[in-house]
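Heads up: the structure comes next, in structure tokens.
The values are calculated or read from the model by the stated rules, or taken from the named source; none is laboratory data. Just so we're clear, the structure is a prediction, and the values are computed from it rather than from any experiment. When we count neighbours, we look across all protein chains shown, and the Cβ atoms used for this are built from the backbone with ideal geometry, even at glycine. Heavy atoms of the whole protein, side chains included, go into the accessibility calculation; ligands, DNA and RNA do not. Shrake-Rupley method; radii C 1.70, N 1.55, O 1.52, S 1.80 Å.
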Amino acid sequence: MEWLRLDRHADEPMYRQIVAQVKAACARGQLQAGDRLPTIRALAKDLGLHRNTVLLAYQELSNQGVIESRPGRGASIAEPVRSPEAAVRLQATVETLVRDGLAAGISIEVLSELVREEGERWRPAPPPTRQAVTGNERHIRFEGSHDFSLDLLGRELHKLDPGLDLKWQAVGSMAGLRALVNGEADLAGMHLLDPSTGTYNQAAIAALAPAGTIQLITLAEREQGLIVRHGNPFGLRSIADLAQPGLRFVARQPGSGTAALYHHLLTQAGLAPGLLEPPVRTVTTHLAAAAAIAAHRADVALGLHTAAKAMDLAFIPLTIERYDLAVRTSDMATPWFGVLLETLVTPALRTAIQALPGYDALHTAWMPHMS
């Protein structure tokens, strides 16, 4: 069972890990209604656990209606019951989470991002071909790298045109650029460094798109560095310090700008990724990386100052990078692009971006010449 992996060093009891992973496998579609689970004895032997531990997990899953047990037939995944009572219980859970988060000083924006990140983990894979987005629709489909200013941009955009919405999905810089080039998105967000020139994004565009078909617009400059717990228990000061044995590192997905920056900084320090401990997990946003450290599931990540601040973590600055929006030049005459450009130059947006820790809005709305 590839979907069942227990962490024997975690604080969470083993039976709760089994419960959580069975439910996660159901959410991902790896387990479906009617699928048989191993017997208690067989699973206990396979995992090297006492059978009472597995028994407790199965009882909890049965109490929650996730599995059903029948004499002589063992346990199987139950048919999901979509009841109004379940929706009410979920609403109460969400209300508690939001209330506790606000009481702990976490902003609405950060809470929304946490929910969005968790939702993206369970989003079904898109079909092989997707309907291209046209400039006449009343939403702007964005794909690309995660950035904290995107919610601010969407909010100000909606103020100028209440019927126009920014719908964004964090897929990484390179995946976002490909979606834009293929006509599957209106905007892409990217921060891909070209080490040979020290510039951002233009080299990646030149490699994927015909000359003159893509235009960049700067959204912000932002500070990237090492996110660690307060007190910096491992004494990290530079990227070279990641070579310490036993250090648990959170990676970003291949094709993301942060992953590219990570490999560039390692090269500058004379290190190869193979010399470091393998990442303990890979995530798709800066906030998810910071959350893993705050939960003590990891020790360090390369990420944004804002993410560290949001999760009350320490930050070691390493570099300033540019985050750009990319648009097809053929869409620059559409009404939605005019509203977007007007939004980018509003003082309200610049002030909101500037207020984010580690952000600089001096060059917001700047459009570099594309060769």
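Annotations
- Only one of the numbered conditions (1) part of a helix (DSSP H, G or I); (2) more than 16 Å from Leu4 (Cα to Cα) is not met by Gln21, and that is (2).
- Filter result for Phe315 (at pLDDT 90 or above, surrounded by fewer than 23 Cβ atoms within 10 Å (Cβ to Cβ), over 23 Å from the mean Cα position of the chain (by Cα) and of a type in the set (Phe, Trp, Tyr)): no
- Boolean, Glu137 is modelled with pLDDT of 90 or more and at negative phi: no
- Selection count where residues are under 17 Å from Tyr262 (Cβ atoms) and part of a strand (DSSP E or B), scope segment 182-194: 3
- For first residues located in segment 182-200 and under 15 Å from Ser330 (Cα atoms), partners that are open to solvent by 20 Å² or more (accessible area, probe 1.4 Å) and in a strand (DSSP E or B) and lie 6+ apart or on another chain with Cβ distances below 7 Å form the pairs Ala185/Arg141; Asp186/Arg141.
- Segment 342-364, residues that are in a loop (DSSP other than H, G, I, E, B), open to solvent by less than 50 Å² (accessible area, probe 1.4 Å) and more than 14 Å from Glu223 (Cα to Cα): Thr346, Thr364
- Matching residues, segment 157-174, being more than 13 Å from Phe337 (Cα to Cα) and buried (at least 21 other Cβ atoms within 10 Å of the Cβ): Trp168, Ala170, Val171, Gly172, Ser173, Met174
- For segment 234-244, the criterion of being within 23 Å of Ala361 (Cβ to Cβ), among the charged types (D, E, K, R) and out of contact with any Gly (no Cβ under 9 Å at 6 or more places or on another chain) is satisfied by no residue at all.
- Where a residue in segment 252-266 is of a type in the set (D, E, K, R) and its partner, wherever it lies, is in a helix (DSSP H, G or I), with Cβ under 6 Å and at least six apart: Arg252/Thr258; Arg252/Ala259
- Matching residues in segment 329-371 - criterion: being among the charged types (D, E, K, R) and either in contact with a strand residue (DSSP E or B) (Cβ under 7 Å, 6 or more places away or on another chain) or farther than 28 Å from Ala310 by Cα (or both): Asp331, Glu342, Asp360
- Note on segment 242-254: residues that are farther than 22 Å from Glu223 by Cβ and among the small types (Gly, Ala, Ser) amount to 2.
- Residue match in segment 335-346 (condition: touching a Pro at 6+ places or on another chain (Cβ under 7 Å) and over 23 Å from Asn201 (Cα atoms)): no
- Selection of segment 349-362 for residues being of a type in the set (Gly, Ala, Ser) and touching an Asp or Glu at 6+ places or on another chain (Cβ under 6 Å) yields only Gly358.
- Where a residue in segment 322-341 is open to solvent by 50 Å² or more (accessible area, probe 1.4 Å) and its partner, wherever it lies, is part of a strand (DSSP E or B), with Cβ under 7 Å and at least six apart: Thr329/Ile214; Thr329/Gln215; Met332/Gln215
- Among residues of segment 140-155 that are farther than 22 Å from Gly183 by Cα, those with a beta-carbon under 7 Å from a residue that is part of a loop (DSSP other than H, G, I, E, B) at least six positions away or on a different chain give the pairs Phe148/Leu356; Ser149/Leu356.
- The strands (runs of 3 or more DSSP E) found entirely in segment 195-297 that carry 1 or more residues being out of contact with any Asp or Glu (no Cβ under 6 Å at 6 or more places or on another chain), within 18 Å of Phe315 (Cβ to Cβ) and open to solvent by 40 Å² or more (accessible area, probe 1.4 Å) are 214-228.
- Boolean, Ala314 is touching a residue at least 12 places away in the same chain (Cβ under 8 Å) and on the phi < 0 side of the Ramachandran plot: yes
- Between Arg70, Arg82, Arg89, the distinction of being modelled with pLDDT of 65 or more and open to solvent by 20 Å² or more (accessible area, probe 1.4 Å) belongs to Arg70 only.
- Single residue of segment 24-45 satisfying the filter (within 23 Å of Val280 (Cβ to Cβ) and loosely packed, with under 15 Cβ neighbours inside 10 Å) that is modelled with the lowest pLDDT: Arg28
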